[in-house]
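Step one of this worksheet: look at the structure below.
The values are calculated or read from the model by the stated rules, or taken from the named source; none is laboratory data. All of these numbers come straight from a predicted model, not from anything done at the bench. Methodologically, a virtual Cβ is constructed for each residue, glycine included, from the backbone with ideal geometry; neighbour enumeration extends over all protein chains shown.
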Amino acid sequence: MSNVLITGASGFIGHNLAGDMSADHTVVCLSRAPTEVAGVHAIEGDFTEPDDLCSLDGHPLDVIIHLGAVTGGCTEESGLRVNVSGAHHVLRYGIDRGVKKFVLASSIAVVGFQSLRFRPLKLPMPDDHPCLDRDGYGLSKYLMEEVTRYLIRQNDDLDIINIRLASIMPEESKPTPCQVGPLTEWAIGSLAKMYQSDAVRCFRMAAEAPHKSGVRILNAVGGQACAAAPVPDIIRGWYGADADRIDLSHYERPGHERDPVYDIRLIEREIGFVPQRSVLEEEA
């Protein structure tokens, strides 16, 4: 049993994760909104405020799961203040408390697919696909990852996992798979979805994985693209002649036509996570 801090526990991932982990761990939550989860000690506070973090001083901590953030569509200023500086506050507080294990919610939006000008450098996109963001949100999550790299250079015995998380769907939702059509903002995100239950399991598995010093960046998306048509057809419909610069051969092998647009092999190797729910199976 570990002593676990979850930030952003008023969100639907954090709320469910807190409840799930409380059966086997001592869980304390920090969030700005009231959080009521059976068996969990909830503290109202803002992780961007050092004084609010001090309200955790009386609670032993072994693992910090940092989910608190402003999400896509935020202003550049708020993204930098909350997702970068705020995450630094949480990490520094934990390090000063002697915490060695951190799991952070990054985003598949780090790559910059929000823009109509975005073109992936490779498909499936690797876990370390560079940040090509133009709107500020992806940049803020990328810089959060860079903060973890900075801190590991000071503390090489830390274990920090950044989860580049998919677009998350409630359990009861049944999204419409993408068809071939014109390019829209956030287009790649419409292909890379995952159910809430898988997200909760992913963060729990990362938190409970054996200690491994260093920083890891791991893609976490559903096991199949949310696509009604083969991925190459959708990509060519979106990008036109630009699609010729992208190697789509992975998807042109039989049985791989609707594989994820993010490579998820590394997260399976590192923490054993494999998505259990498939959007395409739900639609079948």
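Restricting attention to segment 172-196, which residues are farther than 20 Å from Glu257 by Cβ, surrounded by fewer than 20 Cβ atoms within 10 Å (Cβ to Cβ) and hydroxyl-bearing (Ser, Thr, Tyr)? Correct list: Ser173, Thr184. So which residues in segment 155-198 are within 17 Å of the chain's Cα centre (by Cα) and either farther than 19 Å from Ile65 by Cβ or among the acidic types (Asp, Glu) (or both)? Within segment 155-198, Asp159, Ser167, Met169, Pro170, Trp186, Ile188, Gly189, Ser190, Leu191, Ala192, Lys193, Asp198 meet the criteria. For segment 225-284, give me the residue count where each residue is touching an Asp or Glu at 6+ places or on another chain (Cβ under 7 Å), of a type in the set (Val, Ile, Thr) and under 30 Å from Gly214 (Cβ atoms). The number of residues fulfilling the criteria is 1.
Restricted to segment 19-57, and to residues there that are farther than 16 Å from Ala69 by Cβ, at pLDDT 90 or above and aliphatic (A, V, I, L, M), the residue that is surrounded by the most Cβ atoms within 10 Å (Cβ to Cβ) is Val27. Taking the criterion of being surrounded by fewer than 14 Cβ atoms within 10 Å (Cβ to Cβ) and in a helix (DSSP H, G or I), the residues of segment 243-256 that qualify are Asp244, Arg245, Ser249, Glu252. Every condition in (1) over 20 Å from Glu270 (Cβ atoms); (2) in contact with a strand residue (DSSP E or B) (Cβ under 8 Å, 6 or more places away or on another chain) holds for Gln154 except the one numbered (2). Listed conditions (1) farther than 19 Å from Ile160 by Cβ; (2) in contact with a Lys or Arg (Cβ under 6 Å, 6 or more places away or on another chain) are all met by Ala23, apart from (2). When the residues of segment 75-110 are filtered to those that are of a type in the set (Lys, Arg) and not in a helix (DSSP H, G or I), the one that is farthest from Ala192 (Cα to Cα) is Arg97.
Applying a threshold of 6 Å to beta carbon distances and a minimum spacing of six or more residues, or different chains, the list of pairs starting in segment 35-49 at a residue that is closer than 19 Å to His89 by Cβ and ending at one that is of a type in the set (D, E, K, R) and not in a loop (DSSP other than H, G, I, E, B) reads Gly45/Asp52; Asp46/Asp52. A residue that is among the β-branched types (Val, Ile, Thr), under 17 Å from the mean Cα position of the chain (by Cα), over 26 Å from Pro210 (Cα atoms) and in a loop (DSSP other than H, G, I, E, B) occurs nowhere in segment 18-38. Of everything in segment 58-67 that is in contact with a strand residue (DSSP E or B) (Cβ under 8 Å, 6 or more places away or on another chain) and in a loop (DSSP other than H, G, I, E, B), the residue that is surrounded by the fewest Cβ atoms within 10 Å (Cβ to Cβ) is Pro60.
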